[in-house]
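Each remark here refers to the structure printed beneath this line.
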Amino acid sequence: MRPDPILRLDLLMLWLVLWLLACGAPISPLCAEGPVSPTGSSPNIVLIFADDLGFGDLVCYGQKRWKTPNIDSIASQGVRFTDFHSSQPVCSASRASLLTGCYANRIGIHGALGPAAMNGIHDDELLVSELLKSKGYKTCAVGKWHLGHHPQFLPLKHGFDRYLGLPYSNDMWPHGPVVKPKTFPELPLIRGDQIIDSDVDALDQSRLTEQYSDFALEFLEDSKDSPFFLYFAHTFPHVPLYAAENFRGKSGGGIYGDVLEEFDAVVGRILGFLKDNALEENTLVIFTSDNGPWLTYGEHAGSAGPLREGKGTVYEGGTRVPMLAKWPGRIPAGKVQDATAMTIDILPTIANFVGAELPSHPIDGLDIADLLACKPGATSPHEVFYHYFRQGELQAIRSGEWKLMLPHDVYCIVPDKLGSDGKPGQSKMRKITEPELYHLGQDIGETTNLAASQPEVLERLLELAQAGRKELGDSLTQTKGTGIRPSGKKDR
Ligand code: MG
């Protein structure tokens, strides 16, 4: 009987290894240096995070007033999620989750940190940037940071080699029109860990997108021969809105459309670079948003599409956001993923792709590689998602198609009193006094409370809420969580 050819090859390889070892030769041709990732490679990661971009703001999600061809191309070349969520409908908390894989309240980051904040991301938290740096990646953050503006909290202290951007929101400045002058100190622009412009003004804001774009492309050019991680956390379309002169008045969708079209052009530059340098096959590109649209700003806000409310609420319009990803060869083109996932899942998924160990402390996200790849039958790995907002308030939970709104106060828009010219309109407080139950599969707009007709579902979700409180706390019920960790405090 003739020997099996595969067995014969194995024996030959074994003989070669033994011979190389006997000669004291390095065996790198057979064993890659360092741990081998499950993918057998170190994919580049480009993570683009929009600010206040609504579920209905991209053409691939139904928008018709402006064009977003480059962002949409991520969907046509990869996957578009229809039920992806930011962990919280507000900027700092949302970013904390994206970069650490944790519910933001687990790590003590709440709301939107302003220039008076004395806290930020804790040194002990492990960010995606640090995880990738430990695997030899070059790393760069561009845009809005918002995890603490004191030097110890800035990107260079948390795994990034380079940084250019604003330390917090672009409306936290003294120049209006959104806030009253002198409410905030001057807004700085930071490069590395140095302030390069101590008083960003309107003209500076109109140049930010191009400046960010150039900085990102410079990083890509310098890093194209090694694995890289680009975190592009854009300042816009958060108000106040500014577009460069060559985009202003061009979209047909007002300043909001102009800003999005300029943003789209940046995405086009990044994708074009990947294509021109034959990096597409080895690059995972993710595009998502930190929370829903800030609807009270009227025509200066985006659209939540068919969803109820927007930013600042845990109705779907506040948390459900666009999410697109492409990675040719690993993610099939033109797919739509309806399973539920959240920003907390990005870190563990990237850890899987690059073969990195997860942090030793508890995190909340789970690996969604199968959802990204649209594997047949793949479902959300989570039984439950928790929607926290404000200072540790557990306001809603989600399990399967069911969503439970827990008693809390929510500030809703007043449709006939929206803002204009960059100024906010009126909002009205709605007191939710009893749990409200919605079936999102049949009622994406959260219009019909089924709590009375579905007592068993209600009971199950209330139990899940209680389990969440025990671990993560809930200021609405004065529950201290056993699993929460403090944010970082400013060094004296
Ligand atoms: Mg935001």
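Values quoted throughout were computed directly from the atomic coordinates according to the rules given, and no laboratory measurement underlies them. None of these values were measured; they are calculated from a predicted model. Cβ sites come from the backbone with ideal geometry, for glycine too, and all protein chains shown count toward neighbours.
Placing one equal scatterer on every Cα of region 86-243 and applying the Debye formula, the log10 ratio I(q)/I(0) at q = 0.18 Å⁻¹ is -1.12. Name the residues of region 229-256 whose amide N is less than 18 Å from a point 7 angstrom out from the Cα of residue 202 along the C-beta direction? Correct set: 238-250, 254-256.
Which value, to two decimals, describes the C-alpha radius of gyration of region 386-487 once divided by 2.2 N^0.38 Å?
Numbers: Rg = 15.7 Å, N = 102, 2.2 N^0.38 = 12.8 Å.
It is 1.23.
For the chain, the longest principal axis of the Cα atoms and the long axis of helix 5-22 meet at an angle of about 80 degrees. Pairs of Cα atoms nearer than 8 Å and 6+ residues apart set the relative contact order; for region 44-383 it is 31 percent.
Give me the net charge for the shell around residue 487: Cβ to Cβ below 12 angstrom, other residues only, Lys and Arg +1, Asp and Glu -1.
Numbers: positive: 106, 485, 489, 490; negative: 123, 124, 125.
Taking every other residue near residue 487 into account, the sum is +1.
Shape index of the chain: Rg/Rh, with Rg the Cα radius of gyration and Rh the Kirkwood radius from the inverse mean 1/r over Cα pairs, equals 1.00. Which angle between 0 and 90 degrees, to the nearest 10, do you get for helix 455-472 versus the longest principal axis of the chain when only C-alpha atoms count? The angle comes out at about 70 degrees.
How would you order 94-102, 413-421 from highest to lowest mean count of nearby Cβ atoms within 10 Å? Don't skip to the end; give the middle numbers.
On the way: 94-102: 29.8, 413-421: 13.7.
Result, highest mean first: 94-102, 413-421.
Go through 431-442, 224-235 and give me the packing order, highest mean Cβ count within 10 Å leading. Mind showing how you got there, number by number?
Numbers: 431-442: 14.9, 224-235: 21.2.
Taking the mean over residues of other Cβ atoms within 10 Å, the ranking is 224-235, 431-442.
Taking amide H as placed 1.01 Å from N in the peptide plane, residue 294 has its amide H under 5 Å from the amide H of 302, 311, each at least 5 places away in sequence or on another chain. Near residue 350, once Lys and Arg are set to +1 and Asp and Glu to -1 for all other residues with Cβ below 13 Å from its Cβ, the sum equals -1.
Candidate cross-link partners of residue 423 among the lysines, defined by an alpha-carbon separation under 24 Å and a same-chain spacing of 8 or more, comprise 144, 180, 182, 250, 311.
Estimated purely from DSSP H runs of n ≥ 4, each contributing -39500 (n - 2.57), the mean residue ellipticity at 222 nm for the chain is -8000 deg cm²/dmol once divided by its residues. Here the dipole of the chain is about 300 debye; that uses its Cα centre as origin and unit charges on the Cβ of Lys and Arg (positive) and Asp and Glu (negative).
Note on residue 484 and residue 150: with the Förster distance fixed at 35 Å, the Cβ-Cβ geometry gives a FRET efficiency of about 0.95. Take the Cα coordinates of region 261-411, assign each an equal point scatterer, and use the Debye formula without solvent to give log10 I(q)/I(0) at q = 0.08 Å⁻¹. So the normalised log intensities work out to -0.28. Taken one residue at a time, the phi angles of region 50-55 give Karplus couplings (6.51, -1.76, 1.60, θ = phi - 60°) of 7, 10, 6, 7, x, 4 Hz. Gly and Pro are set to x.
Positive contributions from Lys and Arg (+1) and negative ones from Asp and Glu (-1), summed over other residues with Cβ under 14 Å from the Cβ of residue 118, come out at +2. The C-alpha atoms of the chain define a longest principal axis, and helix 254-276 lies at about 0 degrees to it. Under a 5 Å amide H cut-off, with hydrogens placed 1.01 Å from N, residue 229 pairs with 45, 138, 139, 140 among residues at least 5 apart or on other chains.
Can you tell me the length gained on complete extension of the stretch residue 466 to residue 452, counting 0.36 nm per residue apart and subtracting the Cα distance?
Numbers: separation 14, 0.36 × 14 = 5.04 nm, distance 1.97 nm.
Stretched fully, the residue 466-residue 452 segment lengthens by 3.1 nm.
Shape analysis of region 338-449 places it in the prolate category; the axes a ≥ b ≥ c from the Cα gyration tensor give an a/c of at least 1.5, with a/b above b/c. Straight-distance candidates among the lysines for linking to residue 375, with alpha-carbon spacing under 25 Å and chain neighbours fewer than 8 residues away dropped: 326, 335. Given in Å, the Rg to one decimal and the Dmax to the nearest whole number for the Cα atoms of region 57-96 are 12.5, 32. Reported to the nearest whole Å, the Cα centre-to-centre distance from region 53-107 to region 343-387 is 16. Peptides 362-370, 470-478, 314-322 ordered by packing proxy, namely the average of other Cβ atoms within 10 Å per residue, highest first: 314-322, 362-370, 470-478.
For a test of the definition: using alpha carbon positions, the gyration tensor, and the 1.5 limit on a/c, classify region 159-277 as rounded, prolate or oblate.
Details: a/c = 2.75, a/b = 1.32, b/c = 2.09.
Since a/c reaches 1.5 but b/c is at least a/b, the shape of region 159-277 is classed as oblate.
For residue 470, the lysines whose Cα comes closer than 23 Å to its Cα, not counting residues fewer than 8 places off in the same chain, are 403, 480.
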